[in-house]
Amino acid sequence: MSAVGKYNTEETRAWNAPTAETHKTITFSKPFVAPPTLPLGLNTLDIDKGHNIRVKAYSSDITKKDFVAHVDSWSDTVLYSAGLDFLDVAPGDLEYQSGLFSTTDDHPWNAPQALTSRRINFARPFVTPPKVISFLHSLDMEKGKNWRVKTTVSDIDAKGFTIHVDTWGDTVLYLGGAAWIAYPEDRPYVASGTANIQDVRAWNAPAQSNSKAIKFTTVEPFWKTPSMFVALNSIDIDCKANLRIRAYADNVSKEGMTWHIDSWGDTVLYSAGVSYLGVMDSRV
């Protein structure tokens, strides 16, 4: 495993100059021998309430030296800014597996449903059930109804797992896209897990700043400070104001970190969650 990287649309344009397509070429710290795998997930969103919530993060033009990171919207959506984390996995690092799933793999966007799941079979079975995390990379939700979506995993065994992309209440989820990462449960120097605002407060007591210090659980303790991948796995936000959310980690040490899930302006953030992965950067 190599470095964790980040991209935010404000590196390319100002937040108050929204465009439907935003991208940047990102150069790896060191070239690979072949193009790496690049799982990525959203961790920041600032989208106007007046139109449907449509956003997609993805990569293209992946080479040994660089790739293009994209965060796009479509139709009349106004995307002020968005951010993502990515993980560059060396082509020879076969212990890590990753992939994508979208609700539109199961049913058309114009036939929305609350619950969607799919059995995912690993390309290479693990010896024992691995660690698996999932996180959001794309969304299409109706305006005028609260924005609620979550991705989770269940029924993990050595051959695969079930991924879920769900909503609840009166939310209309036209599309929910999730990515996933799996790695051996006995892999040393890796920490992963999930965290949620409801770990520190009730959903119906909204607050704009939410954080908690946590300790890592690893097979072997980190011997240097890890790099942290943090991406949203759920949101529950009132539709009466713009959708604004930012998730990140700080105070990262060999022992643990502090996660943050915040909003700003007049946004009402009921709840949200993140998936995280801590790895020691092998490419520095």
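Residues that are out of contact with any helix residue (DSSP H, G or I) (no Cβ under 9 Å at 6 or more places or on another chain), closer than 27 Å to residue 168 by Cβ, of a type in the set (Phe, Trp, Tyr) and in contact (Cβ under 8 Å) with a residue 12 or more places away in the chain: does region 243-250 have at least one? Yes.
Candidates 50, 5, 83, 41: the one that is out of contact with any strand residue (DSSP E or B) (no Cβ under 9 Å at 6 or more places or on another chain) and not basic (Lys, Arg) is 50. I need the full set of residues from region 251-284 which are acidic (Asp, Glu) and within 17 Å of the chain's Cα centre (by Cα), in order please. The one that is acidic (Asp, Glu) and within 17 Å of the chain's Cα centre (by Cα): 262. Remark: pairs (first residue in region 201-220, modelled with pLDDT of 95 or more; second residue small (Gly, Ala, Ser) and in a loop (DSSP other than H, G, I, E, B); Cβ separation under 6 Å; 6+ apart in sequence or on different chains) = 208/263. Among the residues of region 199-227, those identified as of a type in the set (Gly, Ala, Ser) and farther than 24 Å from residue 4 by Cβ are 202, 205, 207. Checking 126, 161 one by one, the residue that is in a strand (DSSP E or B), modelled with pLDDT of 95 or more and hydrophobic (A, V, I, L, M, F, W, C) is 161 and no other. Report yes if some residue within region 67-81 is more than 21 Å from the chain's Cα centre (by Cα), of a type in the set (Gly, Ala, Ser), loosely packed, with under 15 Cβ neighbours inside 10 Å and at pLDDT below 95; otherwise report no. No: region 67-81 contains no residue that is more than 21 Å from the chain's Cα centre (by Cα), of a type in the set (Gly, Ala, Ser), loosely packed, with under 15 Cβ neighbours inside 10 Å and at pLDDT below 95.
Please go through region 154-191 and pick out each residue that is β-branched (Val, Ile, Thr) and either closer than 13 Å to residue 116 by Cβ or surrounded by fewer than 21 Cβ atoms within 10 Å (Cβ to Cβ) (or both). Of everything in region 154-191, those that are β-branched (Val, Ile, Thr) and either closer than 13 Å to residue 116 by Cβ or surrounded by fewer than 21 Cβ atoms within 10 Å (Cβ to Cβ) (or both) turn out to be 156, 162, 163, 165, 167, 171, 172. On inspection, residue 245 qualifies as closer than 20 Å to residue 149 by Cβ, surrounded by 14 or more Cβ atoms within 10 Å (Cβ to Cβ) and touching an Asp or Glu at 6+ places or on another chain (Cβ under 8 Å). Among residues of region 70-101 being among the polar types (S, T, N, Q) and part of a strand (DSSP E or B), the one that is nearest to residue 12 (Cα to Cα) is 81. The residue list 62, 26, 47 contains one member that is crowded, with 21+ Cβ neighbours inside 10 Å and either farther than 17 Å from residue 135 by Cα or in contact with a Lys or Arg (Cβ under 8 Å, 6 or more places away or on another chain) (or both), which is 47. Taken as a whole, the structure leaves residue 253 outside the set of residues that are among the polar types (S, T, N, Q) and in contact with a strand residue (DSSP E or B) (Cβ under 7 Å, 6 or more places away or on another chain).
Looking only at residues of region 211-242 that are surrounded by fewer than 16 Cβ atoms within 10 Å (Cβ to Cβ) and either touching a Leu at 6+ places or on another chain (Cβ under 7 Å) or of a type in the set (S, T, N, Q) (or both), we find that the one that is farthest from residue 270 (Cα to Cα) is 225.
Taken together, 180, 203 contain a single residue that is within 22 Å of residue 136 (Cα to Cα) and assigned to a loop (DSSP other than H, G, I, E, B), which is 203.
Can you confirm whether residue 94 is over 26 Å from residue 19 (Cβ atoms) and among the hydrophobic types (A, V, I, L, M, F, W, C)? Judged against the criteria, residue 94 is a match.
The values are calculated or read from the model by the stated rules, or taken from the named source; none is laboratory data. Note that the structure is a prediction, hence the values are computed from the model and not measured. Every residue, glycine among them, receives a Cβ derived from its backbone with ideal geometry; neighbour counts consider all protein chains shown.
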